[in-house]
Amino acid sequence: MHNNYIKNTILNRPTTFTNGEQASTYTANKIAELIRQKQKEGKPAVLGLATGNTPKLVYKELIRLHREEDLSFHNVVSFNLDEYYPIGTDHHLSYTYFMAEQLFNHVDIKKQNVHVPHSDFSQDRIAQFCIEYEQKIACFGGLDIQLLGIGRNGHIGFNEPGSDFDSKTRLVNLHPLTREDAAPEFGELHDVPHQAISIGIHTIMQAKNILLLALGERKSEIMSKALHGEITNQVPASILQTMPHVEYVLDNEAARLI
Ligand code: F6R
């Protein structure tokens, strides 16, 4: 496939670290800096947040900064990338539950400022919910920073291979590899939901800053494709190559093939 995308090969060099802990601390500090800067300006800090294994140590470090270094979340407004569909918000594998456990229950963020896509309602209400999710992000002036992980198939959020680059928040079908990767947590592949609500690639690209964190050997192959491969919606993260405001934060294992 030929396309007219212009790659930012110089700007998009990854920042690499010896291990995941260092990469996560660096990422947490970037987020903390933004929160503090916005506090000085008397403004909200609008964070786009991710779930999964990758950001866990970032959240742990943010909690430490809150407890030990006075980092307040009083001005933070958060929007999560995605949520399985259907799943109850109190299900222990829902992303609402994950975020409460990993971050929100441990910091002083205001409950009304937390947004995780809800998915415990019927299909006919989803389209309206998705429109409202986008509107709320816009209402706060857009995302100041979007934290991303990456799927082994190149997905960002749950924008799976084949997603349109101009997509917005919507109901998506999960790719077989995504479901396979989630199977150990759910116990069996059969129990992994087939769908999810995900913010779109367009929504992600509108964020003022993007931090893509990739850790471990199992992300090395896809990181090489995402950073140096063709820009194609078969590797959704590859679109980030065109953007000047993306920082890739990798540990040495994830950076092995770069
Ligand atoms: C999570 C998300 C996904 C994950 C990706 C990597 O909210 O949107 O794109 O970031 O699947 O997952 P882990 O970090 O578990 O390897």
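The values are calculated or read from the model by the stated rules, or taken from the named source; none is laboratory data. Remember, predicted model here, so these are calculated numbers, not experimental data. Virtual Cβ from ideal backbone geometry, glycine too; neighbours counted across all protein chains shown. Note: accessible area is taken over every heavy atom of the protein model, side chains too, but ligands, DNA and RNA are not part of it. Shrake-Rupley method; radii C 1.70, N 1.55, O 1.52, S 1.80 Å.
Could you run the Karplus curve 6.51 cos²θ - 1.76 cosθ + 1.60 with θ = phi - 60° over segment 216-225 and give me ³J(HN,Hα) per residue in whole Hz, x for Gly and Pro?
Values, residue by residue: x, 3, 5, 9, 5, 5, 5, 5, 5, 5 Hz.
Which whole-Hz ³J(HN,Hα) couplings does segment 147-162 yield from phi under the Karplus relation 6.51 cos²θ - 1.76 cosθ + 1.60, θ = phi - 60°, glycine and proline marked x?
Working through the residues one at a time gives 8, 10, x, 9, x, 5, 9, x, 5, 10, x, 9, 7, 7, x, x Hz.
Helix-only mean residue ellipticity at 222 nm, the chain, DSSP H runs n ≥ 4 weighted -39,500 (n - 2.57), per residue, nearest 500. What is it? Walk me through the intermediate numbers first.
Details: 7 runs with 81 residues, N = 258.
After summing the helix terms and dividing by residue count, I get -9500 deg cm²/dmol.
For a quick check of understanding: with a 1.4 angstrom probe and all protein chains in place, what accessible area in square angstrom does residue 125 have, to the nearest ten?
Near enough 140 Å² of accessible area.
For the chain, what % of the accessible area comes from carbon and sulfur atoms, probe 1.4 Å?
Working: 5990 of 12130 Å².
Carbon plus sulfur share of accessible area: 49 percent.
Just how far, in whole angstrom, is segment 19-92 from segment 219-253 if you go by their alpha carbon centroids?
With segment 219-253 and segment 19-92 each reduced to a Cα centre, they are spaced 22 Å.
Return a whole-number percent for the relative contact order of segment 128-215, with Cα pairs under 8 Å and 6 or more residues apart as the contact set.
40
Ignoring ligands and nucleic acids, what accessible area does residue 17 show with a 1.4 Å probe (Å², nearest 10)?
Accessible area of residue 17: about 40 Å².
Provide the per residue accessible area, probe 1.4 Å, for the chain, rounded to a whole number of square angstrom.
Result: 47 Å² per residue.
Which aspartates and glutamates have a Cα less than 12 Å from the Cα of residue 38, not counting those fewer than 8 places away in the same chain?
The qualifying aspartates and glutamates are 144.
State to the nearest 20 debye the size of the charge dipole of the chain about its Cα centre, where the only charges are +1 on K and R beta carbons and -1 on D and E beta carbons.
720
Setting aside same-chain residues fewer than 8 positions from residue 43, which lysines have a Cα under 29 Å from its Cα?
Answer for residue 43, where 29 Å is the Cα cut-off: 30, 56, 60, 110, 111, 136, 168, 208, listed by chain and number.
Modelled label-to-label distance, residue 209 and residue 120, 7 Å Cα→beta-carbon offset: nm?
Here the modelled spin labels are 3.5 nm apart.
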